[in-house]
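Everything below concerns the one structure shown next.
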Amino acid sequence: IVADIPGLTRDRHYGHGKLGKKPFLVVDTGGFEPKAKDGIMHEMKRQAEQAIAEADIIVFVVDGRTGITAQDKDIANKLRKVDRPVYVAVNKAEGLNAGVVTADFHELGLGEPHSISAAHGEGVRSLLDLVLEPFPEPEEEVRDDGIVKVAIAGRPNVGKSTLINALLGEERVIAFDMPGTTRDAIHIDFERGEKKYTLIDTAGLRRKGKVFETIEKFSVIKTLQSIEDANVVILVLDAQQDISDQDAHIAGFVLESGRALVVAVNKWDGMDAYKRQQIKEFLEHKLKFLDFARFHYISALKGQGLDTLFRSVDGAYAAAMAKLATPKLTRVLLDAVAKQAPPRHGAFRPKMRYAHQGGMNPPLIVIHGNALDHVSESYTRFLEHTFREVFKLQGTPLRIQFKTSENPYAPKVGERKIDKPGSKRGPKSSRPK
Ligand code: GDP
């Protein structure tokens, strides 16, 4: 999904999924060369080791066509020392006898191997069922208690800890949960002005005297978890550096998660007006896919720009939680259609009848009518833009879904049918292509 947005890199090594009601995060460790000593293989090894250290479950994928290799055995030696469940998935097993392909791999000493075919989707579902079996379904979460959960995300060195200390130094820290294990997220409650917030750690914070510092290197899993847990994400970027792949990855994940977003371009101090203008233009062009969010230019070090940053956090939260009444939504929809009708698509003329809110955080607007399977991307964007303007939905992604309903005027059997009754269309995200 993220891949066709300009400015984002194509390779992704993580994502989120859902099996029934159970959400999960997946990290693909890329190649894992357990003996790598330097260069890119070494960096990949480091990343893989970190992912293994943080994961709840490890799925070790081996190639059923080549059979067991020396490298598999090296990796298995490492994985046997891990105190979390490890499942061996013997891949490329389509058309082969499960007992025969897996036989070799018992030798790895990691329990019963499971034959799968990732390309053909065989055995994947049952493996996933097994893997997720120990985890309970999450309780329905009540999110709107008025306390905004804020995640501060960004790659290393952009100034996250500096920002957190600036925030917490200035304001009263109410409570601070020390995590039971290193894998739990830290939650820090604090007040700013009259309002309450909970800061969800992403940086891997540790309290050292009065200040917080980062204890770990950048952790993909922690970042993803805190984004998922938050109501509003502050994406911190470094004004003094180019946008990196890692920045783009994090931005892409925020976008995919549907969380409300405020962008904080940090280290804005010590730059002349010309340079500032240049950077502003460059960033807003490069991050055009985040244009639903407000950009703030701040200095965490000097504590500058934090008040307006938090006004946008409040605004983004309000937008994500907005309640959109059906009559008003419908009126706005019909006004928009009157101003600019959806273009015909061959014999089809999309007809929009009414709109209602299908969800919050992010807001989902469901539009009902006929022949809505043929609404163009650009028309969807026009509608999105209109809803955003009228309902002041800045800072949150907005999703629009079309539902073609049974048409009472549809031609009877034998007559020429134009509309496709009852067809549904999945949610369209607000991302520009
Ligand atoms: P983190 O890895 O994202 O938590 O980044 P840190 O907060 O540790 O900051 C990395 C470096 O950037 C440190 O040397 C900070 O002093 C510096 N830094 C952070 N915020 C600012 C800022 O607003 N302006 C300037 N000039 N430097 C900053």
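The values are calculated or read from the model by the stated rules, or taken from the named source; none is laboratory data. This is a predicted model, so every value here is computed, not measured. All Cβ positions, even for glycine, are placed from backbone atoms using ideal geometry, and neighbour counts span all protein chains on display.
Take the conditions (1) surrounded by fewer than 17 Cβ atoms within 10 Å (Cβ to Cβ); (2) at pLDDT below 90; (3) over 30 Å from Asn231 (Cα atoms); Ile147 misses just one of them, which is (3). If you go through region 345-352 one residue at a time, do you hit one that is in contact with a Ser or Thr (Cβ under 8 Å, 6 or more places away or on another chain) and surrounded by fewer than 18 Cβ atoms within 10 Å (Cβ to Cβ)? Checked region 345-352: at least one residue is in contact with a Ser or Thr (Cβ under 8 Å, 6 or more places away or on another chain) and surrounded by fewer than 18 Cβ atoms within 10 Å (Cβ to Cβ). The residue that is modelled with the highest pLDDT, among those in region 188-225 that are charged (D, E, K, R) and buried (at least 21 other Cβ atoms within 10 Å of the Cβ), is Lys222. With respect to the conditions (1) under 30 Å from Val313 (Cα atoms); (2) at pLDDT 50 or above, Gly426 falls short on a single one, namely (2). Contact annotation: residue pairs with Cβ atoms under 6 Å, 6 or more positions apart or on different chains, pairing a residue in region 292-307 that is farther than 25 Å from Pro362 by Cβ with a partner that is of a type in the set (D, E, K, R), are Ser299/Asp269; Lys302/Asp269. Report yes if some residue within region 294-311 is buried (at least 20 other Cβ atoms within 10 Å of the Cβ), among the small types (Gly, Ala, Ser) and either touching a helix residue (DSSP H, G or I) at 6+ places or on another chain (Cβ under 6 Å) or assigned to a helix (DSSP H, G or I) (or both); otherwise report no. Yes, the conditions are met somewhere in region 294-311.
Scanning region 222-238 for residues that are more than 19 Å from Lys196 (Cα to Cα) and among the hydroxyl-bearing types (Ser, Thr, Tyr) gives a single hit, Thr223.
Screening the candidates Ala322, Ala316, Ala371 for the property of being more than 17 Å from Gly258 (Cβ to Cβ) and either more than 16 Å from the ligand (Cβ to nearest atom) or of a type outside the set (Lys, Arg) (or both) yields one hit, Ala371. Residues of region 257-285 that are part of a helix (DSSP H, G or I) and either over 25 Å from Ala316 (Cβ atoms) or in contact (Cβ under 8 Å) with a residue 40 or more places away in the chain (or both): Ser257, Ala273, Tyr274, Lys275, Gln277, Gln278, Ile279, Leu283.
Output yes when any residue across region 104-121 is surrounded by 13 or more Cβ atoms within 10 Å (Cβ to Cβ), among the aliphatic types (A, V, I, L, M) and closer than 16 Å to Asp28 by Cβ, and no when none is. Yes, the conditions are met somewhere in region 104-121. Do we have any residue at all in region 234-254 that's under 20 Å from the mean Cα position of the chain (by Cα), buried (at least 18 other Cβ atoms within 10 Å of the Cβ), within 24 Å of Lys392 (Cβ to Cβ) and among the aromatic types (Phe, Trp, Tyr)? Looking through region 234-254, none of the residues is under 20 Å from the mean Cα position of the chain (by Cα), buried (at least 18 other Cβ atoms within 10 Å of the Cβ), within 24 Å of Lys392 (Cβ to Cβ) and among the aromatic types (Phe, Trp, Tyr). Look at (1) at pLDDT below 95; (2) within 16 Å of the ligand (Cβ to nearest atom) and you find that Ser299 fails only one, number (1).
Inspect region 144-158 for any residue being farther than 30 Å from Gln246 by Cα and either assigned to a strand (DSSP E or B) or hydrophobic (A, V, I, L, M, F, W, C) (or both) and give the result as yes or no. No - not one qualifying residue is present in region 144-158. Determine the pairs where a residue that is modelled with pLDDT of 85 or more, located within region 152-170, has a partner that is more than 8 Å from the ligand (Cβ to nearest atom) and among the basic types (Lys, Arg) with Cβ atoms under 8 Å apart, the partner being 6 or more residues away or on another chain. Between residues of region 152-170 that are modelled with pLDDT of 85 or more and residues that are more than 8 Å from the ligand (Cβ to nearest atom) and among the basic types (Lys, Arg), the close pairs are Leu167/Arg192. Consider Gly395 carefully, then state whether it is farther than 19 Å from Arg353 by Cα, surrounded by 20 or more Cβ atoms within 10 Å (Cβ to Cβ) and modelled with pLDDT of 90 or more. Criteria met by Gly395. If you check Gly123, Gly111 for being farther than 20 Å from Glu54 by Cα, in contact with a His (Cβ under 9 Å, 6 or more places away or on another chain) and in contact (Cβ under 8 Å) with a residue 12 or more places away in the chain, only one passes: Gly123. Of all residues in region 250-269 being away from the ligand (no atom under 15 Å from the Cβ) and in contact with a Ser or Thr (Cβ under 7 Å, 6 or more places away or on another chain), which is farthest from Leu287 (Cα to Cα)? That would be Ala260.
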